Amino acid sequence: MNTNTNRAIGVFDSGIGGLTVVRALMERLPFEDIIYFGDTARVPYGIKSVETINRYAAQITEFLIQKDVKMLIVACNTMAAVAHQTIIDLANVPVAAVAYQKIVEQVPVLEVIDASARMAIQHSKTKSIGVIGTPATINSNAYARAIHLLDKEAKVFSQACPLFVPLVEEGWFDHPATKLIAQEYLKQVIAEQVDTLVLGCTHYPLLKPLLQDIMGKSVTLIDSAEAMADIAADLIDQQNIGNKNNAPPAYTFYVSDLPYRFQTIGERFLGRTLGRVELISL
């Protein structure tokens, strides 16, 4: 088993949205190397079939496992809702064979849904919680199940927002068209008088100021990226796998299409240069 604690954290998403998790990890774990894969050729995932999402998730997981990451973070809510078991199964990595027995290393797999559900329960005073996400995430009912496991009395109101991901991928964070679409999507959620709204897709925090303005200051927005970074930090501490290298952290970015566009939007959001963004085909 490779016990080198200086191995990178692997993060993956359907596109640029997972950079919200990367930014939170950079702030929470400033000494950790990060390898990121954004499937920009096949975004959005939220309107695709369960079979297709599982196939894509398997390909990306295998790619990052080959990069010898010490932890996998599924930054895509759609993949977490639909393909979580597929990813866990592939994260059992053969590392040695002794007396005809295969020894495997279970690379830890963290996903955003449980983290967000826990944060929502902590913040909601009325137990009236809204969830917005892609059609695949909402149809899976994963958030409602996760929230009800923590509190059976909680009321969950879900709304699919299929156009948000393409708008974010275009960089239209505060475009008038985005505001009109958001107002239409959130109309029913507002009518249910929720006091907490889970941003059930890692693309959505890029729309956070706009969504907060529409929902009002009394509603708490749950950013899954921040919750994810806290859980990753706790696990690294528990397993004592923190990077012991005193060198500056290395950040590596891979995409399946349009690296320049990814770099432009990514740098705007992260507030730093991304360095080289590599184009790969899975």
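Annotations for the structure displayed:
- Screening Leu235, Leu270, Leu258 for residues that are touching a residue at least 40 places away in the same chain (Cβ under 8 Å), in the same structural domain as Ile35 (by TED's automatic domain parsing), of a type in the set (A, V, I, L, M, F, W, C) and within 22 Å of Asp68 (Cβ to Cβ) leaves exactly one candidate, Leu235.
- Leu163 within 16 Å of the chain's Cα centre (by Cα) and either surrounded by fewer than 17 Cβ atoms within 10 Å (Cβ to Cβ) or not basic (Lys, Arg) (or both): no
- Any hit, segment 212-220, residues being in contact with a strand residue (DSSP E or B) (Cβ under 7 Å, 6 or more places away or on another chain) and assigned to a loop (DSSP other than H, G, I, E, B): yes
- Here Ile73, Ile60 are screened, and the one residue that is in contact with a strand residue (DSSP E or B) (Cβ under 6 Å, 6 or more places away or on another chain) and under 16 Å from Ala229 (Cβ atoms) is Ile73.
- Where Ile73 falls short, out of the listed (1) surrounded by fewer than 24 Cβ atoms within 10 Å (Cβ to Cβ); (2) outside any helix (DSSP H, G or I); (3) of a type in the set (Val, Ile, Thr): (1)
- Residue match in segment 8-23 (condition: over 14 Å from the mean Cα position of the chain (by Cα) and surrounded by fewer than 19 Cβ atoms within 10 Å (Cβ to Cβ)): no
- Considering segment 191-206, the residues that are of a type outside the set (A, V, I, L, M, F, W, C) and either outside any loop (DSSP other than H, G, I, E, B) or surrounded by fewer than 24 Cβ atoms within 10 Å (Cβ to Cβ) (or both) include one that is modelled with the lowest pLDDT, namely Pro205.
- If you go through segment 165-190 and keep only what is outside any helix (DSSP H, G or I) and either touching a residue at least 60 places away in the same chain (Cβ under 8 Å) or among the acidic types (Asp, Glu) (or both), you end up with Glu170, Gly171, Asp174.
- Enumerated strands (runs of 3 or more DSSP E) restricted to segment 101-155, each holding at least 3 residues that are surrounded by fewer than 14 Cβ atoms within 10 Å (Cβ to Cβ): 101-106
- Index of the failed condition, Met215 passing every other in (1) under 20 Å from the mean Cα position of the chain (by Cα); (2) of a type outside the set (Ser, Thr, Tyr); (3) farther than 21 Å from Val74 by Cα: (1)
- Residues that are surrounded by fewer than 16 Cβ atoms within 10 Å (Cβ to Cβ) and at pLDDT 95 or above, drawn from segment 209-236: Pro209, Gln212, Asp213, Gly216, Lys217, Ser218
- Within segment 263-282, if we keep just the residues that are of a type outside the set (Asp, Glu) and in contact with a Leu (Cβ under 8 Å, 6 or more places away or on another chain), the residue that is surrounded by the most Cβ atoms within 10 Å (Cβ to Cβ) turns out to be Gly266.
- Unmet criterion (only one of (1) part of a helix (DSSP H, G or I); (2) under 16 Å from Gly15 (Cα atoms)) for Pro162: (1)
- Residue match in segment 45-53 (condition: outside the structural domain of Leu163 (by TED's automatic domain parsing), surrounded by fewer than 18 Cβ atoms within 10 Å (Cβ to Cβ), without any contact (Cβ under 8 Å) to a residue 60 or more places away in the chain and not in a loop (DSSP other than H, G, I, E, B)): yes
The values are calculated or read from the model by the stated rules, or taken from the named source; none is laboratory data. Keep in mind it's a predicted model, so treat the numbers as computed, not measured. So basically every Cβ, Gly included, is an ideal-geometry build from the backbone, and we count neighbours across all protein chains shown.
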